[in-house]
Amino acid sequence: MSPRSLNRRAFLAAAGAVSLGATLAACGGDAGSAQSVDQSDVDKALATPTELTFWTWLPNIDREVALFQKKYPAIKVNVVNAGQGTPQYTKLRTALQAGAGAPDVVQIEYQYIPTFTITDSLLDLRPYGAAALKSQFVDWTWGQVTGAGGEVWAMPQDTGPMGLLYRQDIFDQHGIQVPKTWDEFADAAHKLHAADPNVYLTNMAANQAAAWHGLLWQAGAKPYVSTGKSDIAISVSDNIGKRLGAYWGGLARDGVIGTEPDFTDAWYAALNNGKYATWITAAWGPVFLSGSAKATAGKWRAAPLPQWDAAAPSSGNWGGSTTAVIKTTKNPITAAMFAKFLNTDPQTTKMFATEQFLFPATKAVLADPAVAGDKPAFYGGQTVNQVFADIGNTVSSSFQWPPFLDQVVTDWTETVGKSLADKTDTVAALDQWQSRITAFAKNQGFTVGGK
């Protein structure tokens, strides 16, 4: 993403998740027929004067939208920025509950798709040919946009496979090799801070539940497993979760990593002044960092995350968005065709990567020499996009999100995040997180299994 966009979209937690209790009973039916729409109906819809409303926070997306309107001049798309991330979702929920004011098409992050499928708010795109597009996208993204019954809830737009950005100069100065394993990473954290008490190997932000979930994903955790509209297993404090808790909590208590909130003035300053020698981030991180830490140009490099099992490389994802169609749209065919065009047309998908600096979701753009072969001077001429493209091939497709993520994030910040900041027992905080999420889910009418 662009530095300006990501600065405003720092994956902030939102308090007060919408009550789901009243909707669970109403969502027991199927998601709608998967019977295909005739091509003649598609042609007719695209030739009929129609207006669509598209909610998105992506800067300058009017350029991509213009390509769709040029191809289908009968269609007018009204682009509306209703807020980024959580503010937009709040407005969308309000419109859906009121039965008026919802857009036809909307940008939704992967992790929030279940929040809107549980309320039966998204259109299944299978009848409009979406299922046939699966092979065009990075494999794991399809698992994020499809339902248990094969529904296609959205079209992948961009991704955030997680990797490691590191200061080559600081590593060289202290004789540190790029850590291949998390054990090596912990050793390097102690070594570096002992050599220079003003420098930390990394910062595990106490306000960043999104990054924590990405690390759970990398470790093979399955913290949320939905087996039906009202059944969910919650396992955030299982053995995998507690391994992460012991690891990061231990480094925090040892004082060899930072835990300050990220995307703040102090954090930006820390990246510029060399307080942190690495940033555990995602594929949007390189562009963001080059705009936010200009004083360090040429000093950074990219690498995969350290591994729990070096013989089986894996990563998680942090960030990325989709384009979904709201089920209440009066123009489902046109809206579905717009969502497909925006995210599969060779020109629009290339523009996303080269103009808005989204990290591609399509295999074709990832393989494009202009993208994969880019050698930014900020990273010493390293082909950083290729590094993250390769990392993307190691992201599991089975990770699931809960349909009440706002609450999960709030509870994480007040338990696990607080334990990191306060240097208290993070493993115990995981149990608190588990208890709070479980209680909330039960109060909303879910049948809860898991740890």
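The values are calculated or read from the model by the stated rules, or taken from the named source; none is laboratory data. Since the model is a prediction, treat every value here as computed from it, not as a measurement. Heads up, the Cβs are rebuilt from the backbone with ideal geometry, glycines too, and the neighbour counts pull from every protein chain shown. With ligands, DNA and RNA removed, areas are computed over all heavy atoms of the protein, side chains included. Shrake-Rupley method; radii C 1.70, N 1.55, O 1.52, S 1.80 Å.
Checking every residue in region 200-210 against the condition of being within 27 Å of D406 (Cα to Cα) and either without any contact (Cβ under 8 Å) to a residue 12 or more places away in the chain or assigned to a helix (DSSP H, G or I) (or both) gives at least one match.
On the stretch given as region 169-210, residues that are aliphatic (A, V, I, L, M), open to solvent by 10 Å² or more (accessible area, probe 1.4 Å) and over 12 Å from A277 (Cα atoms) total 5. It is to be established whether one or more residues within region 297-318 are open to solvent by less than 10 Å² (accessible area, probe 1.4 Å), touching a residue at least 60 places away in the same chain (Cβ under 8 Å) and in a helix (DSSP H, G or I). Within region 297-318 (the criterion being open to solvent by less than 10 Å² (accessible area, probe 1.4 Å), touching a residue at least 60 places away in the same chain (Cβ under 8 Å) and in a helix (DSSP H, G or I)), the answer is no, since none of the residues qualifies. Could you tell me whether any residue of region 219-226 is at pLDDT below 95 and either in a helix (DSSP H, G or I) or farther than 19 Å from G255 by Cα (or both)? Within region 219-226, one or more residues are at pLDDT below 95 and either in a helix (DSSP H, G or I) or farther than 19 Å from G255 by Cα (or both). Evaluate the following for L289: is it in contact with a Ser or Thr (Cβ under 9 Å, 6 or more places away or on another chain), among the aliphatic types (A, V, I, L, M) and either open to solvent by 30 Å² or more (accessible area, probe 1.4 Å) or within 17 Å of L216 (Cα to Cα) (or both)? Answer is no for this residue. In the condition set (1) at pLDDT 95 or above; (2) over 12 Å from A209 (Cβ atoms), W433 is compliant with all but (2).
Reported count of residues in region 105-125, each being open to solvent by 20 Å² or more (accessible area, probe 1.4 Å) and touching a Ser or Thr at 6+ places or on another chain (Cβ under 6 Å), is 1. Here is the figure for region 241-273: residues that are among the hydrophobic types (A, V, I, L, M, F, W, C), over 29 Å from F378 (Cα atoms), crowded, with 16+ Cβ neighbours inside 10 Å and over 23 Å from the mean Cα position of the chain (by Cα) total 2.
Residue pairs whose Cβ atoms lie under 6 Å apart, separated by 6 or more positions or on different chains, with the first residue in region 73-90 and of a type outside the set (A, V, I, L, M) and the second open to solvent by 30 Å² or more (accessible area, probe 1.4 Å), are K76/E51; N78/T53; Q84/R8.
Rundown of residues vs (1) more than 16 Å from I61 (Cβ to Cβ); (2) at pLDDT 95 or above, yes/no style:
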site	(1), (2)
P304	yes, yes
A310	yes, no
P313	yes, yes
N317	yes, yes
K327	yes, yes
K330	yes, yes
A339	no, yes
M351	no, yes
K363	yes, yes
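If only residues of region 126-138 that are in a helix (DSSP H, G or I) and out of contact with any strand residue (DSSP E or B) (no Cβ under 7 Å at 6 or more places or on another chain) are counted, the one that is surrounded by the most Cβ atoms within 10 Å (Cβ to Cβ) is Y128.
When the test is whether a residue is over 20 Å from the mean Cα position of the chain (by Cα), part of a loop (DSSP other than H, G, I, E, B) and more than 24 Å from V408 (Cβ to Cβ), P59 does not pass it.
Looking at region 67-87, is at least one residue within 19 Å of the chain's Cα centre (by Cα), among the aromatic types (F, W, Y) and open to solvent by less than 40 Å² (accessible area, probe 1.4 Å)? The answer is no, given that none of the residues of region 67-87 is within 19 Å of the chain's Cα centre (by Cα), among the aromatic types (F, W, Y) and open to solvent by less than 40 Å² (accessible area, probe 1.4 Å).
Just one of the listed residues (T329, T349) is in a helix (DSSP H, G or I), among the hydroxyl-bearing types (S, T, Y), open to solvent by less than 50 Å² (accessible area, probe 1.4 Å) and touching a Leu at 6+ places or on another chain (Cβ under 9 Å), and it is T349.
Scanning region 275-291 for residues that are in a strand (DSSP E or B) and over 15 Å from F171 (Cα atoms) returns I280, T281, A282. Considering region 229-274, the residues that are part of a helix (DSSP H, G or I) and in contact with a Lys or Arg (Cβ under 6 Å, 6 or more places away or on another chain) include one that is nearest to G214 (Cα to Cα), namely A252. The residue list A389, A421, A429 contains one member that is buried (at least 22 other Cβ atoms within 10 Å of the Cβ), over 18 Å from the mean Cα position of the chain (by Cα) and touching a residue at least 12 places away in the same chain (Cβ under 8 Å), which is A429. Every residue in region 157-176 that is under 16 Å from G316 (Cα atoms) and in a strand (DSSP E or B), please. Selection gives D158, P161, M162, G163, L164, L165.
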